[in-house]
1. For region A:1-86, what are Rg and Dmax over the alpha carbons, in angstrom?
2. Per DSSP H run of at least 4 residues, take -39500 (n - 2.57); add these up for chain A, divide by its residues and hand me the 222 nm value, nearest 500 deg cm²/dmol.
3. Give me the distance between the Cα centres of region A:84-157 and region B:179-195, rounded to whole Å.
4. Normalised by the number of residues in region B:101-156, what is the relative contact order in percent for Cα pairs under 8 Å and 6+ residues apart?
5. Within a 10 angstrom radius of the beta carbon, how do A:10, A:17 rank from fewest other beta carbons to most?
6. If one computes the Cα centroid of region A:5-37 and of region B:116-175, what distance in Å separates the two points?
7. Using the Cα atoms of chain A to build a convex hull, what is its mean projected area in square nanometres?
8. PRE reach from residue B:28 (point 7 Å along Cα→Cβ): which of region B:101-144 fall under 15 Å by backbone N?
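Computed from the coordinates by the stated procedures, all read-outs in this text should not be read as laboratory data. Here the structure is a predicted model, which means the values were calculated and not measured. Methodologically, a virtual Cβ is constructed for each residue, glycine included, from the backbone with ideal geometry; neighbour enumeration extends over all protein chains shown.
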C-alpha cells in the first residue's frame, strides 16, 4: 500500500480532534452557509469569519501553515469570477483596449471578485480542518448522524476501504505505461504515438481498472456472504452528543446569526 | 501532490461561488434523485449492492488519475460518468458518481460542501442522464450493431462532458459570480476539447472490455432504464442547448434576467432593506466597522493562541 498519504486525517488529541464528529460537521456546514449568505463587500464580517477559522486552526494544532497551503489548491477556480471586474457596472476604475474590444473595469466588480475569493478561501479552510481532524469512520458516523441513509453510508465506507487498493492499481498501470512507452525528460519531444493512440491506451487502462473493480467486487461479495452478510447494514447505535458540545454548537450558530445580522445592517 | 491530477479543472465548484438559493435547490434535486437511484439499484442488485457499488466507486475515483499528455503540458483526463453509465445503467452510475464526488469534496476539498449538491448534479446526474439518453438512442438507431457501442460511447461521452460544463457555467452565472457572456463560451470551448479526451478514453475502455469481458457490457443493457430517464436526458440536453446561448448574450450575467423578472429583488435585497439606511449604533460607517472587526478578530485569535500556549506549558510542566 503506497498511497496511505492520500488520507487527509492527521492524528491528534487537540480540542478540535476530541469534538463529536457530528458537532464538527454541523459547525462546518453552518460556517460555510454563513459565509455564502454574507452580502458582497461586507468586509467587517469577513474579518470576523477569518478570525473564527484561524482560531479553530490554532485550536486544532494542525499548524496554520498546513491549512493555508492546502487551501491554495482551490484558488484556480477564482478565474471563473475574473470577468466580473469588467461586467459589473459601477465606478470606473480603469480601461484598456485589446484589439477591437475595450475593457472597462469597475470598482464594484473588483470588490465582488475579492468577496467571492475571500468567501471561498475561508470556507475551504474550515473544510480542511474538518477532514484533517476527523478520521474516516468518524466522518461516516457524522454522515449517519445528519440523516444520510445507512445503505449509502455503507457504500461510501466500503469505497474508502478500497480506494487505496485501486489507486495503487492505477499507479501501477501508469508506471507500467511509462516504462513501456519510452518517456523522455527532453522537453518538447513527443513520445508514444499520436494523441488518439495515447488516448486509446489510457482507455485500455481505464477498462482494465474497471474490470478489476468488477471482479474484486464479486470476490468481496462472496467473502461477505460467506461471513453471514445478508444485505442488511447493521451498525452500533450512535452515542449521545455531550451536553456541553450541544451548548457550544448552539452558541456558535447564534454567533454566526449575529455576524449575519451585523453585516446586513452595516452593508445592506 | 496527488490531488492535482485527481480532478479535471473547472468542474468542481468550491464553496462561495454559488448563491444559497442555487445551492439549496440543487441539493434538494440531488437528494431526491440519489434516493430514487439507491432504491432502484437495491432492487436490481440486492445484497450485492454495497460491495459492488463501493468498489466501482473506488475504481472510478482511481480511474480519474489516469491521464495522457496532449500538448503544451496539458493532459486528457477520465471523468468516468459516461463509462459508468454505459457499463452499469443510469441509476447505478448516479450512485457511483455521487459517492466519488462526495468523497472528493468531503476529504480532498475538491469542490465545496454546500456546493456538493450542485457538483453531484452537474457531473453525476446531468452527465449520466445525457450520456444514457444519447447512447441508448444511437444504439437503437443502429439496431444494436457492434459499431454502435463505440460510436454511441464516443458521442455520448463527449456530449455528457460538454453539457455538464455548460450547466456549471449557467449555475455560476445565475449566482452572479461570473459573467454569462464570457463564462459560458469559455467553459463550453474548453470542455469541447476535454470532452474529446473523455470520449477517446471511454471508447478505449469499451474496446478493451468488449474483447476481454463482453459479458460486462451486457450488465448495463440488461436493465433498460425506462422512458423517464431517456426523456429527462432529451429535456436536459435541449434545455441546456437553448438556455446557454441565450444566457451568454446577456453581458451582465443572468442577474439581468433576474432583475427583469423581479425575483432577484425579492430574493436578495428585501431582507437587507428591512431597516433602510440604518446605521449601526455607535459605528458610523463600513470602513470603521471593518477596523473594529479587525481589532476584535485579532484579539480573538491572539486570545486562543495565548490560551493554547498556556495550556501547553502547563502540560509540559506536568510531564516533567
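1. Both quantities, over Cα of region A:1-86: 15.8, 50 Å.
2. Numbers: 10 runs with 176 residues, N = 268.
Result for chain A: -22000 deg cm²/dmol, rounded to the nearest 500.
3. Cα centroid to Cα centroid, the span is 19 Å.
4. Details: 35 pairs, mean separation 14.2, N = 56.
That works out to 25 percent.
5. Working: A:10 17, A:17 20.
So the ranking, lowest neighbour count to highest, is A:10, A:17.
6. The distance from the Cα centre of region A:5-37 to that of region B:116-175 comes to 35 Å.
7. Values: hull surface 86.2 nm².
That works out to 21.5 nm².
8. Counting only backbone N, you get B:117-118.
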